[in-house]
1. Could you order C25, C533 so the one with the most accessible surface comes first? Probe is 1.4 Å.
2. Keeping all protein chains in the complex and leaving out DNA, RNA and ligands, what accessible area do you get for S197 with a 1.4 Å probe, in Å² to the nearest 10?
3. Which value, in Å² rounded to 10, gives the accessible area of W102 with a 1.4 Å probe and all protein chains present?
4. What is the gain in length, in nm to one decimal, between L94 and H485 on full extension, counting 0.36 nm per residue of separation less the C-alpha to C-alpha distance?
5. In the range 485-548, which GluC sites (Glu not before Pro) fall in coil by DSSP and have 16 or fewer other Cβ atoms within 10 Å?
6. Quick check: net charge around K444, other residues with Cβ under 13 Å of its Cβ, Lys/Arg +1 and Asp/Glu -1?
7. Quick check: net charge around L205, other residues with Cβ under 12 Å of its Cβ, Lys/Arg +1 and Asp/Glu -1?
8. Could you rank F606, F463 by how accessible they are, 1.4 Å probe, largest area first?
Amino acid sequence: MWIPAAAMAGFGLLSALFRYGTHVCSAIAGETLVKTSRDLLYHHIQHLPWKWHMANPTGDIIQRCTSDVERIKTFFQEQFVSVFRIIALIVLSLVCMILMNWKLALVPMLMFPIIVIYSVGFHNSIRIHFTNCDEAEGVLSTIAQENLTGVRVVDTVIDNLKLEYFRKLYKERGRSPYHPKMMLKAVIYGYMNNLYSCRKIESALKRDIHFIWLAGYEQPDFNTINRFRNRVKEEINRVFTQLVIILAEKGFITLDVEYIDGTKIESKANRYTFVWRKTTEKNRTRLMDKIKALLEQIDETIAQENVQDNNRQDFTSADLMTIADELNQSLRKEPEPATKEEKQQRKEKEKQIKQLKEHAGQLDEYDEKLRILGDRNSYSKTDHDATFMRMKEDAMNNGQTKPGYNLQIGTENQFILDFGLFQSPGDTFTMIPFLNSFARHYRKLPDKVVADSGYGSEENYRFMDEAGITAYVKYNWFHQEQRKHYEPNPFSPQSLYYNAEGDYYVCPMGQHMERIGTTQSKTGSGYVTESACYKAQRCEGCPLRGSCFKAKGDRTIEVNHRLNEYRRKARERLTSEAGIKHRGQRCIEPEAVFGQMKYDMAYKRFRHFGFDKVKMDFAFFAIAFNLKKMCSTMAKNTINGGFCPKQIQIMGIVIILYTKNQKFKEYSQNMAA
């Protein structure tokens with residue numbers, strides 16, 4: 001029995017080896033054939049002229065070539081051996097049947113023509129549907145790929161922008177420049193793909209098929225791209241405004257509600273090139289003391305002639321240079337010193353004049369620093385417009401300040417509606433200029449504004465109230481009041497009972513606190529606030545004095561009634577149903593934009609010096625961000641089986657693209673004819 005078993009095992013082993021060899025050979029043959037075919041096809045397509053690419057849907061052709069090559073690979077690796085085996089079995093079976101009884105073998109042979117005719121008919125009927133499906137798949141994959149990357153959206157949107165004001169930026173004579181729309185497409189598409197360097201955009205224009213298609217085989221160098229960005233640094237904001245208006249017309253945004261927030265973006269300036277106001281003022285004061293001491297040693301007659309008030313507390317560098325020139329002239333008029341003492345006195349005077357000139361240069365330097373500082377407390381030596389601020393990205397965890405700008409943005413549906421760059425670290429004083437910027441761009445103010453507690457000041461509340469804006473803006477301790485176990489301090493002015501008719505407060509012991517006057521204070525922006533002062537009649541011997549207050553005398557409080565009224569209205573809005581909705585939405589509006597900007601698009605630091613260039617750079621980024629968001633929104637709605645906002649209007653883009661493709665198709669047919 002072991003001999004049949006061994007024979008069966010041997011036949012099984014030979015069968016396995018044969019199958020393994022068959023699969024290996026078919027795989028090698030399929031891969032070799034596929035590689036050769038693919039290389040030949042792609043090499044041929046890459047070397048076709050530009051007119052051919054303009055006249056034919058290149059993406060569709062590439063997709064069809066890829067799918068056809070994959071089918072050939074599948075056939076040789078899986079189906080070729082099966083077809084060969086079936087043909088061999090049929091031939092071998094027919095031979096055996098004919099040798100056994102040729103008359104009976106004619107019966108199955110008569111069925112072959114029927115099977116072949118049926119197969120050919122089925123193939124012809126299914127081929128039309130298969131071709132339509134294959135072409136539809138190619139068109140779908142092409143549109144999906146190009147729309148997801150945004151290349152056709154960028155091309156269509158920028159082609160429909162009004163850029164007549166770009167014409168004045170170019171000279172009428174001289175060599176013809178690159179078309180500004182082409183340059184704008186290349187730069188914006190580069191920003192959409194995290195390419196912020198002119199050199200990287202230049203490289204992409206030579207290697208990336210999307211950039212090559214957008215630029216029409218034009219290849220401007222990095223200097224040309226950089227000059228273009230600097231040339232349009234004023235007009236690029238108008239392009240951004242046009243794009244936002246288009247988004248509003250297409251239904252992506254409404255411009256009725258604006259979610260405002262800010263973040264600090266680090267400047268390109270060196271982190272250790274700081275100039276501080278306190279240090280400058282301190283050094284200037286010391287220098288003035290040295291100047292006064294030096295003037296006391298110099299000839300008092302000459303000094304008094306050039307300085308009208310000898311007791312003045314300040315001098316200018318021009319005054320010091322005038323005194324030094326007068327001293328030089330008087331020194332030249334003096335006879336040559338004869339004795340050793342006279343020579344020593346002359347050297348001493350020359351030394352004093354030299355020191356006076358050096359002090360004049362130092363004083364001029366300090367005055368220039370104070371002029372650059374303006375109302376700020378610091379600036380960078382390499383970027384005078386950057387202010388040192390504390391950033392969230394603090395690797396050392398030591399609160400190190402870095403030169404940067406305070407970026408404010410307003411968003412809706414995670415689209416950037418407006419942006420502004422400010423030199424002050426705080427957000428409070430940026431709100432009114434930011435809303436005025438919105439009004440200049442869109443000739444209206446938003447109906448609703450949603451912001452966090454950093455914007456909850458009396459000045460901002462009053463501005464929005466007088467402008468008719470519904471403000472969902474928090475104030476300082478709003479979150480504390482919303483806590484479940486919040487217990488207000490019974491001795492704080494907000495917890496005391498106020499009688500509006502009698503205009504007095506009642507302390508926890510029941511004592512009246514009468515109004516004694518009004519105080520005024522001015523904010524950093526120049527806004528004047530008024531606070532009413534109330535004083536208790538007699539706090540001596542009160543058992544609650546230790547908990548109420550610890551100062552000497554009777555307790556005095558200051559209350560801003562106008563601000564308290566604004567906060568009361570804000571509390572009612574924020575706790576309403578609409579307010580809760582907007583508060584929840586604010587967390588995913590500007591914060592999401594900042595997250596995508598810094599971590600998805602790697603825009604964490606400005607790459608230019610100067611306020612105007614930094615604003616230009618972010619304007620390009622904001623346009624690219626909105627276009628990228630537009631593409632993702634359209635793709636998401638399509639994938640989910642829904643509809644884009646105002647899909648009938650959005651179909652205008654598709655119609656434009658279809659019209660262009662039809663023109664290309666007609667052109668290719670004419671070329672073929």
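The values are calculated or read from the model by the stated rules, or taken from the named source; none is laboratory data. No experiment lies behind these values; they were computed from the predicted model shown. In this analysis, Cβ positions are derived from the backbone assuming ideal geometry, glycine residues included, and neighbour counts consider all displayed protein chains. Each accessible area value is taken on the protein alone, full model and side chains, heavy atoms only, with ligands, DNA and RNA left out. Shrake-Rupley method; radii C 1.70, N 1.55, O 1.52, S 1.80 Å.
1. Numbers: C25 90, C533 15 Å².
Result of the area sort, largest leading: C25, C533.
2. 40 Å²
3. Number for this one is 150 Å².
4. Once the chain is fully extended between L94 and H485, it gains 131.5 nm.
5. E501, E540
6. Every neighbour counted, the sum reads -1.
7. +1
8. So, going from the largest accessible area down, we get F463, F606.
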